[in-house]
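Peer 1: First the structure, then my questions, so here it is.
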Amino acid sequence: MNSKNKIRVIVICIIQFFTSNAFAAHENFEADYQYSYFINGLGSAIPEIGKGLDSLSSKIGGKYFAYITPIEGTLPITVAVISDVQAKLKHNPDAKFNIIGTSYGGNIATIIASQLNQIGANVNYLAVIDAPAPLAIPKNVHRVDNFVCRRIGCIGQKLRLEKGNDLTWIEQFKLDSNHIELSSNDFVQNRVIGQLTELPMDLKLIPNSKELPK
């Protein structure tokens, strides 16, 4: 085996090692009617990367997804979440679903929301954290928070609603943080936790665009 093939085998083994347990579940705090999905960013299956969203998923409860590259991220996670939603809706048609995605995972979160719209499934809450290329938000999303940061290296984009969508309640936040730390930001974590409690925050108290300290 030549050196290039050896390197290739080593890389494949590393990816398999980190992704074998990437689709973890912290479901002990979930209610029977409300389910949450947390989708981390690129490279998040490697320890020390994506700790903020992992921590948030542990606090709230739900399915947590981490991966290395888009190849084992986008399609597998999209299929896994949609299949899980369909299964839970068969068991309980009143079930509510929340999707939280950071960085590239924010892109995936909007893809999932769009595909759920095509099958008539609603999203109770969507949180997008510094996503570089999110899709427009469809009308099946009840409410969405978009968090972007403003330091060098931040890649988040302002969210927009799909044409004709006058149903989704959208909030946009620009924070004094960097891309890596944004999902660990106290405001972001408290905001998401607040939205996923049985009695969500009163959105009317918060303006559509607000800059907040780190």
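Values quoted throughout were computed directly from the atomic coordinates according to the rules given, and no laboratory measurement underlies them. Worth saying up front: this structure is predicted, and the values here are computed from it rather than measured. Neighbour counts are summed over all protein chains in view; Cβ atoms, including those assigned to glycine, are modelled from backbone coordinates with ideal geometry.
Peer 1: Can you sort 90, 96 from fewest to most other Cβ atoms within 10 Å of each residue's own Cβ? Intermediate values should be presented prior to the final figure.
Peer 2: Working: 90 9, 96 17.
By the 10 Å Cβ count, ascending, the order reads 90, 96.
Peer 1: Another question, if that's okay. HN-Hα J couplings of the stretch 47-52 from phi, Karplus 6.51/-1.76/1.60, θ = phi - 60°, integer Hz, Gly and Pro as x?
Peer 2: Each residue's phi maps through the Karplus curve to give x, 6, 10, x, 5, x Hz.
Peer 1: Fewest Cβ neighbours within 10 Å first, please rank 149, 154 accordingly.
Peer 2: Final ranking by Cβ density, sparse to dense: 154, 149.
Peer 1: Non-local amide H neighbours of residue 61 (under 5 Å, H modeled in plane, Pro and chain starts lacking H): which ones?
Peer 2: none
Peer 1: With a ≥ b ≥ c taken as the square roots of the eigenvalues of the C-alpha gyration tensor of the stretch 23-212, please select rounded if a/c is under 1.5 and otherwise prolate if a/b is larger than b/c or oblate if it is not?
Peer 2: Here the stretch 23-212 falls in the rounded category.
Peer 1: Let me ask something else. May I ask you to derive the relative contact order of the stretch 23-212, considering only C-alpha pairs under 8 Å and at least 6 residues apart, and to give it as an integer percent? Walk me through the numbers before you get to the answer.
Peer 2: Working: 412 pairs, mean separation 33.4, N = 190.
18 percent.
Peer 1: May I pose another question? Give the order of 197, 110, 78, 69 when sorted by the count of other beta carbons within 10 angstrom, beginning with the fewest.
Peer 2: Ordered by Cβ neighbours within 10 Å, fewest first: 197, 69, 78, 110.
Peer 1: Averaging over all projection directions, find the projected area of the Cα convex hull of the stretch 123-194 and quote it in nm² with one decimal place.
Peer 2: The Cα convex hull of the stretch 123-194, projected and averaged over all directions, gives 4.6 nm².
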